[in-house]
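Encoded as structure tokens, the structure appears first; notes follow it.
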């Protein structure tokens, strides 16, 4: 770890899966509610590419309204899981700023933003979508698993205008936590924010609120395509 990681709060104890050769690209992957970076580091190791570094930060512990204010790892507060539920606007923006700080840190250390991809599952996927769409840099792409677009009513106005952002969206058809309809509604909304041909929305029959082997293979292909070896 570099000595200046402490200035980037979420990087200080992030789990890093290093590439086997010179790292020329990075994927910052955000876990879901109540999880940690360790939860996804193992899964991502299974689709590792030799030139790509995976960074899996841990969300801070905060009281979550949806879970009776119990303290748990969360990127921002959740009041509920329906599209009309009020959202933690300041928390979402603050969390996005923390992820943007990681992007800046990697850029300073030699991996340019166009070689950095964001990804995440559930709440982490939601944050990765929001962060990429509002980021001033053109990123390599976004992997959005079993999630939604936070503050969706603020788009397309809130978008930084990068129309050519590749987005891979995956959702289990048996997801009872975040129904697949939310994923479909998100994919529709994204067509007004980025070029529609940049969006790939895949659904997986029989899969609940989790990932599956086929999905991870799709993620690997997406990373290989948009972060090729230099």
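Could we say that residue 132 is closer than 26 Å to residue 193 by Cα, surrounded by 15 or more Cβ atoms within 10 Å (Cβ to Cβ) and modelled with pLDDT of 95 or more here? Yes: the conditions hold for residue 132. Residue check, residue 182 against (1) assigned to a loop (DSSP other than H, G, I, E, B); (2) under 27 Å from residue 80 (Cβ atoms), all met but one. Which one? If we test residue 182 against (1) assigned to a loop (DSSP other than H, G, I, E, B); (2) under 27 Å from residue 80 (Cβ atoms), just (1) comes out false.
Report yes if some residue within region 82-103 is surrounded by fewer than 19 Cβ atoms within 10 Å (Cβ to Cβ), touching a residue at least 60 places away in the same chain (Cβ under 8 Å), touching a helix residue (DSSP H, G or I) at 6+ places or on another chain (Cβ under 8 Å) and more than 25 Å from residue 146 (Cβ to Cβ); otherwise report no. Within region 82-103, one or more residues are surrounded by fewer than 19 Cβ atoms within 10 Å (Cβ to Cβ), touching a residue at least 60 places away in the same chain (Cβ under 8 Å), touching a helix residue (DSSP H, G or I) at 6+ places or on another chain (Cβ under 8 Å) and more than 25 Å from residue 146 (Cβ to Cβ). Please determine whether any residue of region 206-213 is over 19 Å from residue 117 (Cα atoms) and in a helix (DSSP H, G or I). For region 206-213, residues over 19 Å from residue 117 (Cα atoms) and in a helix (DSSP H, G or I): present. In region 185-205, the qualifying residues are those that are free of Cβ contacts under 8 Å to residues at least 40 places away in the same chain and in a helix (DSSP H, G or I), and the one that is surrounded by the most Cβ atoms within 10 Å (Cβ to Cβ) is 187.
Residues being over 15 Å from the mean Cα position of the chain (by Cα) and surrounded by 15 or more Cβ atoms within 10 Å (Cβ to Cβ): count how many of those fall in region 216-230. If you could, list the steps in order and put the result at the bottom.
Our first condition is that a residue be over 15 Å from the mean Cα position of the chain (by Cα); within region 216-230, this holds for 217-218, 221, 224-230.
Filter once more, so that each one left must be surrounded by 15 or more Cβ atoms within 10 Å (Cβ to Cβ): 218, 226-227.
Residues that pass the stated criteria total 3.
The values are calculated or read from the model by the stated rules, or taken from the named source; none is laboratory data. Given the structure is predicted, the values throughout are model-derived calculations rather than measurements. Glycine also receives a Cβ, built like all others from the backbone with ideal geometry; neighbour counts cover every protein chain displayed.
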